[in-house]
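The values are calculated or read from the model by the stated rules, or taken from the named source; none is laboratory data. The structure displayed is predicted, hence computed values, not measured ones. Every residue, glycine as well, gets a Cβ built from its backbone with ideal geometry; the counts of neighbours run over all protein chains shown.
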């Protein structure tokens, strides 16, 4: 099986959050950062970047380049909240996942081809889910390794999706300037250009040993990168604190059967994600947002953790009884927290639970091998029938 790495990078993240939360800023040159004499630009929207404004630039310089720029003080709590939501989405697209910062991460999607027809379909799916749930735009790069994936995500910004296939690495890299190589800063770039290396093709065509004589061991690294070689693994060390799924609906839900089906669907998605990461959740939370935007969350815990849909769904049904439904529902979310790995605590009913979990994992494997449509529970079939009739909401699986 070929190795495929996806790099997800949010476009102008801080500025995009500001534009999302304040409609008056949309389409305008937004500059996040202090506007004092000592201020520094944290992020600039793409409207401001057209004037040459970029991150780490002194605010005074940004003022000169973009007199009409709107300076906004950073709201790190808002950025952290959006980041948590985005990283939560990323978790179910890959077994190995390496967060780099608030707004980017590497994902090993080598086995996801069994669920999606093409690599492009995987990229479009995660971009759509991020936009639908967090209302922010991501650029995605997919390639054989981390270096190429990160480069690919920057090839078609903003709102980009770029794939570097096997066998095309050298060809795609060749015309790019040497500064695009990972780790080449201003000093190394100047040395390379002074030595006659302006493009990556120049490095590819360098005589054997020449780069090493100029840059020592770093020369060999540059040559490997110029041919698109990078064998670093995904370093997945981030501890998952919760796993959830939620959706905002196009039309407020009022039908009790429809509300029940949506809770069943979200419970199933959360259960599958828990099993994928070999986790169980002791605490289940149900989130309801009404048409008036009033949001209510109720939670309950149990002695033993679970990753079974029917148990999560039953807990959510109990939680729903604690929430007065007086108007249409705009959003439903289900989350599992208080997570643990390893075997479930022993009890009188542990053998029965293990049998049901084994059956659930068998269903996961069938869907992984033959696609999600191969074996579905009744509520999923009802949802598909409703969508086919043109009456349902748009939900990207």
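If residue 212 passes every condition in (1) modelled with pLDDT under 95; (2) under 28 Å from the mean Cα position of the chain (by Cα) but one, which one does it miss?
In the conditions (1) modelled with pLDDT under 95; (2) under 28 Å from the mean Cα position of the chain (by Cα), residue 212 misses (2) alone.
Somewhere in the stretch 224-231, is a residue free of Cβ contacts under 8 Å to residues at least 12 places away in the same chain and under 30 Å from residue 203 (Cβ atoms)?
Checked against the condition, which is being free of Cβ contacts under 8 Å to residues at least 12 places away in the same chain and under 30 Å from residue 203 (Cβ atoms), the stretch 224-231 yields at least one hit.
On the basis of being in the same structural domain as residue 357 (by TED's automatic domain parsing) and surrounded by fewer than 19 Cβ atoms within 10 Å (Cβ to Cβ), does residue 299 make the cut?
Judged against the criteria, residue 299 is a match.
Do we have any residue at all in the stretch 126-145 that's within 23 Å of residue 274 (Cα to Cα), touching a residue at least 60 places away in the same chain (Cβ under 8 Å) and out of contact with any strand residue (DSSP E or B) (no Cβ under 9 Å at 6 or more places or on another chain)?
Yes, there is a match, as at least one residue in the stretch 126-145 is within 23 Å of residue 274 (Cα to Cα), touching a residue at least 60 places away in the same chain (Cβ under 8 Å) and out of contact with any strand residue (DSSP E or B) (no Cβ under 9 Å at 6 or more places or on another chain).
Within the stretch 190-211, can one find any residue that is within 23 Å of residue 100 (Cα to Cα) and touching a helix residue (DSSP H, G or I) at 6+ places or on another chain (Cβ under 9 Å)?
No, because not a single residue in the stretch 190-211 is within 23 Å of residue 100 (Cα to Cα) and touching a helix residue (DSSP H, G or I) at 6+ places or on another chain (Cβ under 9 Å).
Considering each of 5, 31 in turn, give the residue that is over 25 Å from residue 126 (Cβ atoms), surrounded by 15 or more Cβ atoms within 10 Å (Cβ to Cβ) and modelled with pLDDT of 90 or more.
Step by step, each of 5, 31 is checked, and only 31 is over 25 Å from residue 126 (Cβ atoms), surrounded by 15 or more Cβ atoms within 10 Å (Cβ to Cβ) and modelled with pLDDT of 90 or more.
Conditions (1) assigned by TED's automatic domain parsing to the domain that holds residue 264; (2) surrounded by fewer than 16 Cβ atoms within 10 Å (Cβ to Cβ); (3) over 19 Å from residue 91 (Cα atoms); (4) modelled with pLDDT under 95, marked per residue:
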{"position": "303", "(1), (2), (3), (4)": "yes, yes, yes, yes"}
{"position": "315", "(1), (2), (3), (4)": "yes, no, yes, yes"}
{"position": "322", "(1), (2), (3), (4)": "yes, yes, yes, yes"}
{"position": "330", "(1), (2), (3), (4)": "yes, no, yes, yes"}
{"position": "339", "(1), (2), (3), (4)": "yes, no, no, yes"}
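Taking residue 168 as the residue in question, decide whether it is loosely packed, with under 15 Cβ neighbours inside 10 Å and at negative phi.
yes
Out of 183, 219, report the one residue that is surrounded by fewer than 15 Cβ atoms within 10 Å (Cβ to Cβ), out of contact with any strand residue (DSSP E or B) (no Cβ under 7 Å at 6 or more places or on another chain) and either under 24 Å from residue 145 (Cα atoms) or at pLDDT 90 or above (or both).
183 is the lone residue from the list that is surrounded by fewer than 15 Cβ atoms within 10 Å (Cβ to Cβ), out of contact with any strand residue (DSSP E or B) (no Cβ under 7 Å at 6 or more places or on another chain) and either under 24 Å from residue 145 (Cα atoms) or at pLDDT 90 or above (or both).
Which condition breaks for residue 284 when tested against (1) assigned to a loop (DSSP other than H, G, I, E, B); (2) in contact with a helix residue (DSSP H, G or I) (Cβ under 6 Å, 6 or more places away or on another chain); (3) farther than 30 Å from residue 200 by Cβ?
That leaves (1) as the condition not met.
Which members of the stretch 125-149 meet the condition of being farther than 17 Å from residue 97 by Cβ and assigned to a loop (DSSP other than H, G, I, E, B)?
Once the filter is applied, which keeps residues that are farther than 17 Å from residue 97 by Cβ and assigned to a loop (DSSP other than H, G, I, E, B), the stretch 125-149 yields 135, 136, 137, 144.
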